[in-house]
Amino acid sequence: MKPRDYSLDSLWMPFTANRQFKSAPRMFVAAKDMHFTTDDGRQVLDGTSGLWCVNAGHGRARIIDAIKRQLDTMDYCPPFQIGHPTEFRVADLLRDLAPGDLNHVFFANSGSEAVDTALKIALAYQRARGEGQRTVLVGRERGYHGVGFGGISVGGIPANRKAYGSMLPRVDHLPHTHNLEKNAFSRGQPAWGAHLADELETRIIALHDASNIAAVIVEPAAGSTGVLIPPVGYLQRLRQICDKYGLLLIFDEVITGFGRTGHAFAAETFGVIPDMITFAKGVTNATIPLSGVIVRPDIHDTIVNNAPPGMVELFHGYTYSGHPVATAAAEATLGLYHEEKLFERSRSVAPYFENAVHAFKGLPHVIDVRNYGLMAGIELEPRAGKPGARAFDAFLRCFEKGVLVRVTGDIIALSPPLVISNQQIDQLTGTLAEVLKAID
Ligand SMILES: Cc1ncc(COP(=O)(O)O)c(C=O)c1O
């Protein structure tokens, strides 16, 4: 290992146990295809697509070349009142990939920004159509929508909220759909739980009145809180209730987008068309940050046509909205997904992956396995008084054995690149199984 030419002190790492990390750092220095290389020269199989984002595998030449070409041509273009061709082309590509009639794209940079953008568009839309009193936003317990104040307000992860005082003032939450008694070891969509969507009508609308509610935001399949797959019929019910009462339905597809569930978006997989989709991560195969919101024509037109001619219609945007290098990366990535038929590939590998992860049933500590497409959650019994410790131990040992998994609480999440081979699925699950048998 090369001696370090940096200190470990200055960097404050995100969502990381900094003191623990710095006492025993884990460092990657390179990545190619399905593997990272550590600073001591070991290969680590990527079982998590980085952070649910490197869907086509690492170091893809087509994307890298497009980025280099764009940098050589135009490094930056101011996004307010000026455009450049690539961002328009990528908006067209996303429109073509989007389900139903979703056809206008607003660019941001991170998933968190995409979520805040979608929430703001929802409020602006309600106001533009004369329903400005509709300001209540509805999220869901165990939802993750990034770390902006909008996202943590509608999000349902206590640890992400508790230190930050007051948030958006008018927010309510649906119950989450996770229930081990009813749904443990379900393959694909669990059978139980569609009725949990009814709480939108029976409690939340009853409490706030529909006339005050702007939008409902959910992940069609939740990833960050441990892979929660929507029960059969659940998303359909949410759609029906939103339609009945004039509420917008937003699907946060930051991790489910771009093939994770076997189609471009989970909306298509589950057969429910929302009013808006947020996307990020896989849109550039994680090479350059890019995110955004895809909206239905009525939402776009209502906001745009209600503003006086010649005026800015939506007072919102980022310095890097539609950044030329990011959109060049997206154009190449979407081309790669299409040419290599990676969403179909995700669908065709999924049954093998499903069998491999469900083989964990019966292994020590395993209390649930759940999966859809190329995402799976393996839930472990927590150690008494030490929540998360067992799964973190498993993560560390997998890392030592050359396999990257992700943990949230006592749940191990697997979300490999869509290019994973059956043999690599065996290595990923085989290593994790060995580790589960070995840890206390
Ligand atoms: C569903 C969902 N929304 C939003 C985000 C936030 O994305 P970012 O970390 O890019 O802000 C994430 C990140 O994992 C996510 O899973």
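Answer yes or no: is there a residue in segment 49-72 that is assigned to a loop (DSSP other than H, G, I, E, B), under 30 Å from residue 214 (Cβ atoms) and among the polar types (S, T, N, Q). No, because not a single residue in segment 49-72 is assigned to a loop (DSSP other than H, G, I, E, B), under 30 Å from residue 214 (Cβ atoms) and among the polar types (S, T, N, Q). Every residue in segment 359-376 that is crowded, with 18+ Cβ neighbours inside 10 Å and not acidic (Asp, Glu), please. Result: 360, 365, 366, 369, 370, 371, 372, 373, 374, 375, 376. Restricting attention to segment 349-385, the residues being under 21 Å from residue 220 (Cβ atoms) and of a type outside the set (A, V, I, L, M) number 10.
Filtered by the rule that a residue be within 11 Å of the ligand (Cβ to nearest atom) and either of a type in the set (D, E, K, R) or assigned to a helix (DSSP H, G or I) (or both), segment 266-281 gives 266, 281.
Scanning segment 109-133 for residues that are out of contact with any helix residue (DSSP H, G or I) (no Cβ under 8 Å at 6 or more places or on another chain) and surrounded by fewer than 23 Cβ atoms within 10 Å (Cβ to Cβ) yields 110, 123, 127, 130. State whether one or more residues within segment 21-29 are assigned to a helix (DSSP H, G or I) and farther than 28 Å from residue 148 by Cα. Yes, some residue in segment 21-29 is assigned to a helix (DSSP H, G or I) and farther than 28 Å from residue 148 by Cα. Annotation note: Cβ proximity below 7 Å between a residue of segment 93-122 that is within 10 Å of the ligand (Cβ to nearest atom) and a residue that is of a type in the set (Phe, Trp, Tyr) and assigned to a loop (DSSP other than H, G, I, E, B) (sequence gap 6+ or interchain) occurs for 108/318; 109/318; 109/320; 113/318.
Is one or more of the residues making up segment 101-108 closer than 23 Å to residue 375 by Cβ and either among the acidic types (Asp, Glu) or loosely packed, with under 13 Cβ neighbours inside 10 Å (or both)? Checked against the condition, which is being closer than 23 Å to residue 375 by Cβ and either among the acidic types (Asp, Glu) or loosely packed, with under 13 Cβ neighbours inside 10 Å (or both), segment 101-108 yields no hits at all. When segment 285-342 is filtered for residues that are among the charged types (D, E, K, R) and within 20 Å of residue 82 (Cβ to Cβ), the ones remaining, listed by number, are 313, 331. Scanning segment 130-144 turns up one or more residues that are within 16 Å of the ligand (Cβ to nearest atom) and closer than 30 Å to residue 35 by Cβ.
The set of residues in segment 353-367 being part of a loop (DSSP other than H, G, I, E, B) and on the phi < 0 side of the Ramachandran plot consists of 359, 360, 361, 363, 364.
Residues in segment 387-432 that are of a type in the set (Gly, Ala, Ser), surrounded by 22 or more Cβ atoms within 10 Å (Cβ to Cβ) and in a loop (DSSP other than H, G, I, E, B): 415 alone.
Checking 166, 224, 186 one by one, the residue that is away from the ligand (no atom under 16 Å from the Cβ) and modelled with pLDDT under 95 is 166 and no other.
Taking the stated definitions as given, is residue 291 away from the ligand (no atom under 16 Å from the Cβ) and of a type in the set (S, T, N, Q)? It is false that residue 291 is away from the ligand (no atom under 16 Å from the Cβ) and of a type in the set (S, T, N, Q).
Just wondering, is there one or more residues in segment 204-219 that are within 11 Å of the ligand (Cβ to nearest atom), β-branched (Val, Ile, Thr) and surrounded by 24 or more Cβ atoms within 10 Å (Cβ to Cβ)? Yes, there is a match, as at least one residue in segment 204-219 is within 11 Å of the ligand (Cβ to nearest atom), β-branched (Val, Ile, Thr) and surrounded by 24 or more Cβ atoms within 10 Å (Cβ to Cβ).
On the given criteria, is residue 191 crowded, with 17+ Cβ neighbours inside 10 Å, of a type in the set (Gly, Ala, Ser) and not assigned by TED's automatic domain parsing to the domain that holds residue 358? Judged against the criteria, residue 191 is not a match.
The values are calculated or read from the model by the stated rules, or taken from the named source; none is laboratory data. Because the structure is predicted, anything quoted here is derived from the model rather than measured. Note: ideal-geometry Cβ built from the backbone for every residue, glycine included; neighbour counts use all protein chains shown.
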